[in-house]
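Report on one structure; see the data block that follows.
The values are calculated or read from the model by the stated rules, or taken from the named source; none is laboratory data. Here the structure is a predicted model, which means the values were calculated and not measured. Glycine gets a Cβ as well: all are built from the backbone with ideal geometry, and neighbour counts include every protein chain shown. Quick note on the areas: whole protein, heavy atoms, side chains included, nothing else; ligands and nucleic acids left out. Shrake-Rupley method; radii C 1.70, N 1.55, O 1.52, S 1.80 Å.
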Amino acid sequence: MKQTKLVEITDIEKQKAILEEAGQIIRDGGLVVFPTETVYGIGANGLDADACRSIYVAKGRPSDNPLILTVPDEEGARQAAAVIPPTAQKLMGRFWPGPLTIVLPRKPIVPDAATGGLDTVALRCPDHDICRAFLRCAGVPVAGPSANLSTRPSPTTAEEVMHDMDGRVDMVIDGGPCHIGVESTIVECNGDDGVTILRPGGVTVEMLQEVVPHVQLDTTLVTGKGVPKAPGMKYRHYAPSAPMTVVVGPVD
Ligand code: AMP
Ligand code: MG
């Protein structure tokens, strides 16, 4: 069991030393939970196979379910992606920082432990100042799936994070509640003018169509048949351990 240090960040400049400590933990192979605009992420050095493996242990996540690498900017993406085609460049220009994850061919330095053995890597740049300050301190792409136990709902506050992760990670950075609360949209690029949505999320089809003419959904998401291209889509998700009531009807 780890001693989990919980720190609240309210002023990035004044509390820079804490973010630098968090960056050092990442470079040393440890685990740091960090806020993003979607949900809290559990971070490890995305170029360090052992560190990536420790994420799977902390979450109880199946090892064929690849991780998303978070980066502070496009430059960070170049550390992990072998090529950034023009379509990806356009998407980054319009949606980064933001809740869009782009799947690209990986560089050899990205370990199998981060990609579930795929030859592609999923990259995202969160729209969250504390998160990006932390990523800059880390200096490496940070693998960052949601900071919940596998199958459980994703946490949007540090309190929810501590519920699942206390004793499993080295540090939790409390940056307040996440404002989007659902995961990023995951896309892959098809040639010069198309993308396929592998997982729906914060960026909608309509938003993508403003930048790329041809937007399609991975057919397995529509038909429920075949193997989804985003491996995580085949697993059970968001399963609360309490009775849930769905209320249907007008808000009033
Ligand atoms: P999350 O658990 O929200 O961080 O999202 C991780 C999900 O991203 C995985 O479960 C996969 O579905 C998807 N993913 C990650 N890497 C890749 C990749 N290289 N190709 C396709 N999907 C990926
Ligand atoms: Mg998740």
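Restricting region 210-251 to residues that are at pLDDT 80 or above and among the polar types (S, T, N, Q) leaves a set whose member that is farthest from ligand 1 (Cβ to nearest atom) is THR245. Screening LYS229 with (1) in contact with a Leu (Cβ under 8 Å, 6 or more places away or on another chain); (2) within 16 Å of ligand 2 (Cβ to nearest atom) gives one miss only, at (2). Against the definition (within 11 Å of PRO145 (Cα to Cα), open to solvent by less than 10 Å² (accessible area, probe 1.4 Å), in contact with a Leu (Cβ under 8 Å, 6 or more places away or on another chain) and not in a helix (DSSP H, G or I)), how does ILE55 come out, yes or no? No.
Report yes if ILE68 is open to solvent by 20 Å² or more (accessible area, probe 1.4 Å) and not charged (D, E, K, R), otherwise no. So ILE68 fits the description; yes. Screening region 147-227 for helices (runs of 4 or more DSSP H) wholly inside it with 3 or more residues that are in contact (Cβ under 8 Å) with a residue 40 or more places away in the chain returns the ranges 158-165.
Criterion applied to LYS90, LYS2 was being of a type outside the set (Phe, Trp, Tyr) and not in a loop (DSSP other than H, G, I, E, B), and the one residue passing it is LYS90. Would region 3-25 turn up any residue that is within 30 Å of VAL215 (Cα to Cα) and small (Gly, Ala, Ser)? No, that holds for no residue.
Annotation note: of MET165, MET207, the sole residue that is open to solvent by less than 80 Å² (accessible area, probe 1.4 Å), modelled with pLDDT of 95 or more, of a type in the set (A, V, I, L, M, F, W, C) and more than 19 Å from the chain's Cα centre (by Cα) is MET207.
When region 7-16 is limited to residues that are under 22 Å from the mean Cα position of the chain (by Cα) and surrounded by 15 or more Cβ atoms within 10 Å (Cβ to Cβ), the one that is farthest from ASP164 (Cα to Cα) turns out to be ILE12.
Selection within region 66-104: residues that are hydroxyl-bearing (Ser, Thr, Tyr) and within 16 Å of ligand 2 (Cβ to nearest atom). The member of this set that is nearest to ASP193 (Cα to Cα) is THR101. State yes or no: is LEU67 within 11 Å of ligand 1 (Cβ to nearest atom) and touching a strand residue (DSSP E or B) at 6+ places or on another chain (Cβ under 8 Å)? Criteria met by LEU67. Quick one: would you say LEU19 is touching a helix residue (DSSP H, G or I) at 6+ places or on another chain (Cβ under 7 Å), outside any helix (DSSP H, G or I) and open to solvent by less than 20 Å² (accessible area, probe 1.4 Å)? Against the criterion (touching a helix residue (DSSP H, G or I) at 6+ places or on another chain (Cβ under 7 Å), outside any helix (DSSP H, G or I) and open to solvent by less than 20 Å² (accessible area, probe 1.4 Å)), LEU19 does not qualify. Looking only at residues in region 87-145 that are of a type in the set (S, T, N, Q) and more than 8 Å from ligand 1 (Cβ to nearest atom), the one that is surrounded by the fewest Cβ atoms within 10 Å (Cβ to Cβ) is GLN89.
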